[in-house]
Amino acid sequence: MESLDQTTEECLAHISAKRYTEAKEMVLNASRWSGSPRLAGRRIGCLGLIAKLTQKKSDDLLNGEKLTKLKHMLLKLQSSLDCDEFEKGYIEVWLRYIDSSSGDEGVEKDPSKEK
């Protein structure tokens with residue numbers, strides 16, 4: 001996946017490292033995200049991720065099969081003719097997070113080396 005702008009990449013790094021306070025401070029500095037509707041969408045995407053990941057109640061939206069369904073739905077929306085630049089920015093953030101967080105979860109490193 002292609003890299004995003006430096007501010008978004010930095011914010012996603014904070015989110016992935018569970019440094020939500022630092023990520024939220026970045027998101028609240030709107031001047032770092034100015035310049036285009038896509039950047040504004042990425043900012044709101046990061047804010048949405050922070051809100052979802054810091055919820056007090058736990059659910060499994062960001063786990064397993066639901067995560068795969070979410071990714072497919074976002075990819076379909078992204079390729080839609082109705083998807084504007086703001087929405088594309090928002091979707092890019094969520095897809096990047098999904099791709100980076102799913103990584104090796106649930107996948108054995110090398111099944112042939114077991115036993």
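For the range 41-90, the set of residues classified as modelled with pLDDT of 90 or more, farther than 15 Å from LEU12 by Cα and among the small types (Gly, Ala, Ser) consists of SER79, SER80, listed by residue number.
Can you find even one residue in the range 40-52 that is over 13 Å from the mean Cα position of the chain (by Cα) and charged (D, E, K, R)?
We begin by selecting, within the range 40-52, every residue over 13 Å from the mean Cα position of the chain (by Cα); these are 40.
From what is left, the residues that are charged (D, E, K, R) are none.
Within the range 40-52, not a single residue is over 13 Å from the mean Cα position of the chain (by Cα) and charged (D, E, K, R).
Of SER79, SER16, all but one fail to be under 20 Å from ILE98 (Cβ atoms), small (Gly, Ala, Ser) and in contact (Cβ under 8 Å) with a residue 24 or more places away in the chain; the exception is SER16.
Just to check your reading of the model, which residue among SER31, SER3 is at pLDDT below 95, assigned to a helix (DSSP H, G or I) and surrounded by fewer than 17 Cβ atoms within 10 Å (Cβ to Cβ)? Even if it seems obvious, please write down each step before you answer.
Details: SER3 fails: assigned to a helix (DSSP H, G or I).
When all the criteria are applied, what remains is SER31.
The values are calculated or read from the model by the stated rules, or taken from the named source; none is laboratory data. Because the structure is a prediction, the values reported are computed rather than measured. Don't worry about glycine lacking a Cβ; one is built from the backbone with ideal geometry, like all the others, and counts go over all protein chains shown.
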